[in-house]
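Undergrad: Please read through the structure below; I'll follow up with questions.
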Amino acid sequence: MALRIKLAHEQEKRPPTLRPLMDEAIRKGLLHDEHVEHHRRLKDRQAERRQLEEEMASEFGWPPPMASPVADPQAYCKLLAETFPKLRNHYAHGSSSLTFTVVLTFSMCRDLIDQLFVP
């Protein structure tokens, strides 16, 4: 619903579904990886690992690890656009399960909604 409101689709008789809405928001630059807490935590862990690899290379006289390629700043959001519709359908069309990942899912939804409406 947040995407429908932000992208001015809420009054349409048959508004786009979740995937096209997320794709549109990404294309318009409304969603970025850096504003998703889970992505930031993953990125921090990756940086810690890289630092450890550099320290080990230095200590043992190995060549330094290769630099990571510059990533698409919306790659994580694009992945969410691909997976969220499946997750939404899983819960919306009947499921008796709530797994431990539901908190992570709600957290990511909050981060995406905040990007749409919080300056």
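Undergrad: Which count do you get for residues in the range 9-49 that are of a type in the set (Lys, Arg) and either assigned to a loop (DSSP other than H, G, I, E, B) or modelled with pLDDT under 90 (or both)?
TA: Within the range 9-49, the first condition is being of a type in the set (Lys, Arg), and the residues that meet it are 13-14, 19, 27-28, 40-41, 43, 45, 49.
Imposing the further condition that a residue be either assigned to a loop (DSSP other than H, G, I, E, B) or modelled with pLDDT under 90 (or both) reduces the set to 13-14, 28.
Total satisfying the criteria: 3.
Undergrad: Still on this structure, please answer the following. Checking residue 76 against (1) over 22 Å from residue 102 (Cα atoms); (2) at pLDDT 90 or above, only one condition comes out false. Which one?
TA: Of (1) over 22 Å from residue 102 (Cα atoms); (2) at pLDDT 90 or above, only one is false for residue 76: (1).
Undergrad: Now for a separate question. Does residue 115 satisfy the condition of being touching a helix residue (DSSP H, G or I) at 6+ places or on another chain (Cβ under 8 Å) and either in a helix (DSSP H, G or I) or touching a residue at least 40 places away in the same chain (Cβ under 8 Å) (or both)?
TA: Values: touching a helix residue (DSSP H, G or I) at 6+ places or on another chain (Cβ under 8 Å): yes; either in a helix (DSSP H, G or I) or touching a residue at least 40 places away in the same chain (Cβ under 8 Å) (or both): yes.
For residue 115, the condition - touching a helix residue (DSSP H, G or I) at 6+ places or on another chain (Cβ under 8 Å) and either in a helix (DSSP H, G or I) or touching a residue at least 40 places away in the same chain (Cβ under 8 Å) (or both) - is met.
Undergrad: Let me ask something additional. Which one of the conditions (1) in a helix (DSSP H, G or I); (2) surrounded by 11 or more Cβ atoms within 10 Å (Cβ to Cβ) does residue 62 fail to meet, given that it meets all the rest?
TA: (1)
The values are calculated or read from the model by the stated rules, or taken from the named source; none is laboratory data. As the structure is a prediction and not an experimental result, all values here were calculated from the model. Positions of Cβ are backbone-derived with ideal geometry, glycine not excepted, and every protein chain shown enters the neighbour counts.
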